[in-house]
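The values are calculated or read from the model by the stated rules, or taken from the named source; none is laboratory data. Quick caveat, the model's predicted, so the values are computed rather than measured. Positions of Cβ are backbone-derived with ideal geometry, glycine not excepted, and every protein chain shown enters the neighbour counts. The area values use the complete protein model at the heavy-atom level, side chains included, leaving out ligands, DNA and RNA. Shrake-Rupley method; radii C 1.70, N 1.55, O 1.52, S 1.80 Å.
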Amino acid sequence: MVHKSRLLALLCWLVVSSAGSQTLNLDHYLELAVSNSPLLKELNSQADLNRLDSLRFRAENKMQLNGGVNAMYAPVYNGWGYDEVITNGGNYSALISVNKTITGKKKLQNQLETFSLGSLSVRNSEQLSKNELLKSVSEQYLAAFGDLLQIRNNLEILEIFQKQDLILKKLTEAALCRQTDYLSFLLTLKQQELILIQLKIQYKNDLALLNFLCGIADTASVNLEEPSVPLTTQAGFANTLLFKKFHIDSLLLANSDKQIHYAYQPKAGLFADAGYYSSLAYQGYKNFGTSFGFNVVFPIFDGNQRKIQLSRNSITRQVQANYRRFAGNQYEEQVMQLQEQLKLNGELTGNTETQLNMAKTLVEANSRQLENGEAGILSYLNAMNSYITLKNLLSQNRVARLHKAPTGGYIESIYVKINDFVREGTILFVLKTKESYALGNTLKKIDNSLDFNGLIKIPAQSDGYVTQLNLQPGNYVQEGEELAVISEKSSFVFILDLPYERKQEIRLNTAVELVLPDDLHLEGKISSFLPHVDPVSQTQQALIRLNSNKELPEGLIARVRIIRCKHESAVSLPREAVLSDVTQQNFWIMRMIDTVTAVKTPVTKGIENAERIEILSPALKETDDILLTGNYGLPDTARVIILQKGK
């Protein structure tokens, strides 16, 4: 009776502990790991520092203004002292100087590209570090979740042992079962209790290590949800962050080659100063003045250092190419190994489930025979040991498959066609898993109560039109392979390449007008700016969302009109009415003062577009008649004949 009380206490304690614990998922730990990581914060700060260095470089290439005061007195006593011919007895100055280094546009652009590439390199390193952190946290989460599965399995086994303990105790007391067999059963029960305690300790250790990786100071016990690892298509090596790192390094080398060539171009600069500069030897009060000039430096010979530097870059480029090829081969090999492991793991899981159902059936049969006295305790314990081993093996395979995230299978049914409109949640495909395809009805034959068909229903994730569908029923799809493309109506946007110098003129939600190739005009607004600038064209992309739901084809090009300035009640004339001189400095119109006389009237222009020009002065009236044609080349006052009067 003492043993029974202990077992009940242990089970109740575990159940109460589990019920009172908080349930957390993998996303919770991933978010905390990213937000708490000092390395990611440091890399993000490095990108900001690189941006500040770029601004500092721009400032250094602007005009530099400095001020300085200098006073030097060189006394001579009885002929002892510095030579007055050299020192003039002293020098005194108070100057303001201006310096400007003349830098070519291409050289300046090359230097700015260095900062842009540096920022790209830092951002790429930040993403690589983030992926490594997420990988470590995910693996540790899966390790802790595996411990939790083992605990649940052993709790289930302990409950089975507890039920059998009541029966065997009565049989032993009635001398229907040998005491040695019952003691063997109790020994197995005690071993399961110890295993459960060990698993709980292991779970706490793995959970503590998970908190350590995420930077969490918490010792509370929690429950972990089964992770839903997102399934992605295995991208080629050319689309990986590692390849991007090699590509950025090659761009940095190419940029370095340009810097070397620019360093051997002539360097020029301008300088000027103004102020007071005197030795006070003669009429010091008149020594206020200024000076200015320029300097040019021509490289002639430096021992072929340029050739040596270019050779160093060439060797470095070759080394990087070797590393890139080696990394690409490693990546392809890892992908093939992963696919093979997923295949073998799936086969092992299917076989294990089959044997587990057989072991479960054997345990239930031995349990019934044990109650009737038809089977011995040792046979029952052997069946239980087999069941325990298979149960633990299935849990291990389950966690291992989460590490690899398989989704391969065969398309069973397709419920959509190209250009069909689908709603969110609509079933698009039904896939049959590889394991189900291989096993067929094997599990069903073993246990009719087992509802296992291996079918996976894939719903639409949003409303939209099916634009791509290249698979047929019976096709095999790889892990994460694209099944269809749904173009969401609300996701269509126009991308505007905006020169960065115009960024200050446009804000979020700025209204714009789009002119399509068929001259259709649509209204839209700026919805967001992409967080990067093209290093060559120095343009930033802005997203424009339409205010209407008009259906437009993908890839359409439009002209964008943006209101930079707006005047209410403006007076404007057609462009043909406004004349100018050769220098485009003076503008005028020919205004009719009566029915036959046109007079030259100077005007001041305002806002203008392709069709009309705003007239700021003089103030025109709606009744004024202005010449549109035949007005060029007329004298200041001319007699004209109106052939046609417009509106």
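Excluding ligands and nucleic acids, what accessible area in Å² is computed for L120 using a 1.4 Å probe, to the nearest 10? That residue has around 70 Å² of solvent-accessible surface. The loop-placed GluC sites (Glu not before Pro) in segment 24-129, going by DSSP, include none that has at most 13 neighbouring Cβ atoms within 10 Å of its Cβ. Rounded to the nearest 0.05, what FRET efficiency is calculated for I495 and I201 with R0 set to 56 Å and r the Cβ-Cβ distance? Working from the Cβ atoms, E equals 0.50.
Considering only protein heavy atoms and a probe of 1.4 Å, how much of the accessible area of segment 555-618 is carbon and sulfur, as a whole percent?
Working: 2250 of 4190 Å².
The nonpolar share, carbon plus sulfur, comes to 54 percent.
Compute the Rg/Rh shape ratio of segment 11-121: radius of gyration over Kirkwood radius, all on alpha-carbon atoms.
1.51
What the phi angles of segment 278-288 give under the Karplus curve with 6.51, -1.76 and 1.60, with θ = phi - 60°, is a coupling list of 8, 9, 6, 6, 8, 6, x, 5, 9, 8, 9 Hz, glycine and proline written as x. Taking amide H as placed 1.01 Å from N in the peptide plane, D625 has its amide H under 5 Å from the amide H of M592, each at least 5 places away in sequence or on another chain. Proximity of backbone amide H atoms, modeled 1.01 Å from N, is registered between S413 and V430 at under 5 Å, excluding neighbours fewer than 5 places apart on the same chain. The slack between F587 and V335, meaning 0.36 nm per residue of separation minus the straight C-alpha distance, is 83.6 nm.
Stokes-Einstein diffusion for segment 68-135, with the hydrodynamic radius set to the Kirkwood value over Cα pairs and evaluated at 25 °C in a medium of 0.890 mPa s, equals 135 µm²/s. Working note: Cα gyration tensor of segment 56-206, eigenvalues times five, square-rooted, sorted largest first, giving semi-axes of 94, 24, 9 Å. Using the Cβ of I593 as centre and a radius below 13 Å, the other residues enclosed give a net charge of 0, where K and R count +1 and D and E count -1.
Put simply, the amide H of G90, placed in the peptide plane, has neighbours under 5 Å in A74, leaving out anything fewer than 5 places away on its chain. With Cβ to Cβ distances under 13 Å as the rule, what net charge do the other residues near G524 carry (K, R +1; D, E -1)? It works out to a net charge of +3. If R0 is taken as 25 Å, the Cβ-Cβ distance between T539 and R561 corresponds to a FRET efficiency of 0.90. Of the cross-linked pairs K107/K307; K600/K621; K62/K503; K163/K200; K106/K566, those separated by over 26 Å at the C-alpha level are K106/K566. The orientation-averaged shadow of the Cα convex hull for segment 175-324, equal to a quarter of the hull surface, comes to 27.1 nm². For segment 573-640, the alpha carbon convex hull comes to 89 Å³ per residue, rounded to a whole number. Across V296, V485, the residue with the most accessible area heads the list, and the full order at a 1.4 Å probe is V296, V485. For segment 27-86, the orientation-averaged shadow of the C-alpha convex hull comes to 9.5 nm² (one quarter of the hull surface). The 1.4 Å probe gives accessible areas that order K62, K190, largest first, as K62, K190. Over all directions, the projected convex hull of the C-alpha atoms in segment 544-595 averages 8.4 nm² in area. Treating the Cα atoms of segment 498-552 as identical point scatterers in vacuum, please give the log10 of the normalised Debye intensity I(q)/I(0) at q = 0.22, 0.24, 0.25 Å⁻¹, two decimals. Debye curve over Cα of segment 498-552, log10 I(q)/I(0) at q = 0.22, 0.24, 0.25 Å⁻¹: -0.89, -0.98, -1.01. The accessible-area ordering, largest first, of the residues W588, W80 stands as W80, W588, per a 1.4 angstrom probe.
Altogether, the Stokes-Einstein calculation at 25 °C and 0.890 mPa s, with the Kirkwood radius of segment 498-647 over Cα pairs as Rh, returns a diffusion coefficient of 130 µm²/s.
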